[in-house]
Amino acid sequence: MSIVPFAAWAVLRLIPGDVHFQWVRAVAFTPYVALASVAVPLLALVSRRWTALAASMVVTGSLAACVVPRAIPGGNPPAAGPQLRVLSSNLMMGSVPPEKLIDLVRELRADVLTLQELTPSAAEGLRDAGIDKLLPYHVDVPVQRAQGSGIFSRFPLAQGQLIEFGKFRQVAAMVDVPGAPQVSVVSVHPCAPRYAERMECWADGLAALPLPDGPVRILAGDFNATLDHARMRHLLDAGYHDAAATTGDGLTTTWPYRRWRFNGWGIPPVTLDHILVDPRAAAGSFGVHRLTSTDHLAVFAEFTLPAR
């Protein structure tokens, strides 16, 4: 087994930019490549090819350094404020039964719910099913098909600036959490880079997300990107913590959790759904949850906010 493909992958992964459309689609599978690369030094060891062993260990070590830290808990700041429970779900063009989503909100005692692919009929279904009794405050922009989003909250909120690229609406809100500074929340959903002509709106949608300055910020939703994409790494370098990686659950995959094929090939699951949190807040727990009629797992995290 040649080390060259793995070495090329490691070099491209370390470049601080998404170098090509095909790479944007491929880099999401870096955890699988890192795992497969382990076979090369083992084969070199068995065959007593010492130069190949040394080179392959460097490559495998580089890939492991990109991936393994997501499975190691740590990185929380000290925080002594109130708790905030955040749930996010991609509704797959409004297909999730409202009652199932409300049951999950009730079970997890979510304080903030961010939704992607929120359609007018899904928004109406949630209201009819009683979402206002659990999360009475909301900012939403329901749109047919995949471009709508919304934020529902237990606490009062005010609408923030809408982020829109490629007709994908990412709503934002300022949430008044008792005992904490105001929390800025964005329901994240840039368009998917499935085709080359959509890469620009995907890149612009991620680049427009606010950096962790000013108010305490939480970005929650379907990023259509993994932590191996350069634009996601830019958000982490700016100070955000990925809730899953902070709790040691960063290799938990979220899409597709049902069988999904592209151009005839089965797609192994990757981590597209995230909750990124301000460096002043601490992630206490993270989990994924199944909802019917969507190909994304819902993501949930509990945070300790800074005190006011």
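The values are calculated or read from the model by the stated rules, or taken from the named source; none is laboratory data. All values reported here derive from a predicted model rather than from experimental measurement. Don't worry about glycine lacking a Cβ; one is built from the backbone with ideal geometry, like all the others, and counts go over all protein chains shown. To get the accessible areas, we keep the full protein, side chains included, count just its heavy atoms, and leave off ligands, DNA and RNA. Shrake-Rupley method; radii C 1.70, N 1.55, O 1.52, S 1.80 Å.
What whole-number value in cubic angstrom gives the convex hull volume per residue for the C-alpha atoms of the stretch 1-40? Each step should come with its number before you reach the end.
On the way: hull volume 2.5 nm³, N = 40.
Dividing the Cα hull volume of the stretch 1-40 by its residue count gives 63 Å³.
Hey, quick one: spin label on Asp213, modelled 7 Å out along Cα-Cβ, who in the stretch 152-178 has an amide N within reach, i.e. under 19 Å? Those under the cut-off are 161.
Secondary-structure-derived ellipticity at 222 nm for the chain, considering helices only, amounts to -9000 deg cm²/dmol, per-run term -39500 (n - 2.57) for DSSP H runs with n ≥ 4. Sequence-distant contacts, meaning Cα pairs under 8 Å at least 6 residues apart, place the relative contact order of the stretch 212-293 at 41 percent.
Dipole of the chain, Cα-centred, from +1 at each Lys and Arg C-beta and -1 at each Asp and Glu C-beta, to the nearest 20 debye?
Values: 26 positive and 25 negative charges, 155 e Å.
With Lys and Arg at +1 and Asp and Glu at -1, about 740 debye.
Before anything else, pin down the relative contact order of the chain: Cα pairs under 8 Å, at least 6 apart, normalised by residue count, whole percent.
On the way: 713 pairs, mean separation 64.6, N = 308.
Value for the chain: 21 percent.
In plain terms, the C-alpha convex hull of the stretch 12-104 casts an average shadow of 11.3 nm² when viewed from every direction.
With bins 10 Å wide beginning at 0, the percent of Cα pairs of the stretch 77-154 falling in each bin runs 20, 54, 18, 7, 0.
About its Cα centre, the dipole of the stretch 195-308 is roughly 260 debye, where the only charges are +1 on Lys and Arg Cβ and -1 on Asp and Glu Cβ. Sorting the Cα pairs of the chain by distance into bins of 20 Å, from 0 upward, gives 34, 54, 12, 1 percent per bin.
For the Cα trace of the stretch 95-219, dividing Rg by the Kirkwood Rh returns an Rg/Rh value of 0.98.
Only four residue types carry charge here, +1 at the Cβ of Lys and Arg and -1 at the Cβ of Asp and Glu. Report the dipole size of the stretch 62-196 about the Cα centre in Debye, rounded to the nearest 20. Could the numbers behind the result be given before it?
Numbers: 12 positive and 11 negative charges, 61 e Å.
With only Lys, Arg, Asp and Glu charged at Cβ, the dipole is about 300 debye.
All distinct Cα pairs of the stretch 178-308 go into the 1/r average, and the inverse of that average, the Kirkwood radius, is 15.5 Å.
Of the residues Phe300, Ala220, Pro256, the one whose Cα sits farthest toward the positive end of the charge dipole of the stretch 217-308, with +1 on the Cβ of Lys and Arg and -1 on the Cβ of Asp and Glu, is Pro256.
Accessible area of the chain with a 1.4 Å probe: how many percent of it is carbon plus sulfur?
Details: 7940 of 13450 Å².
So the carbon and sulfur contribution to the accessible surface is 59 percent.
For the pair the stretch 1-32 / the stretch 282-300, the C-alpha centres are spaced 27 Å from each other.
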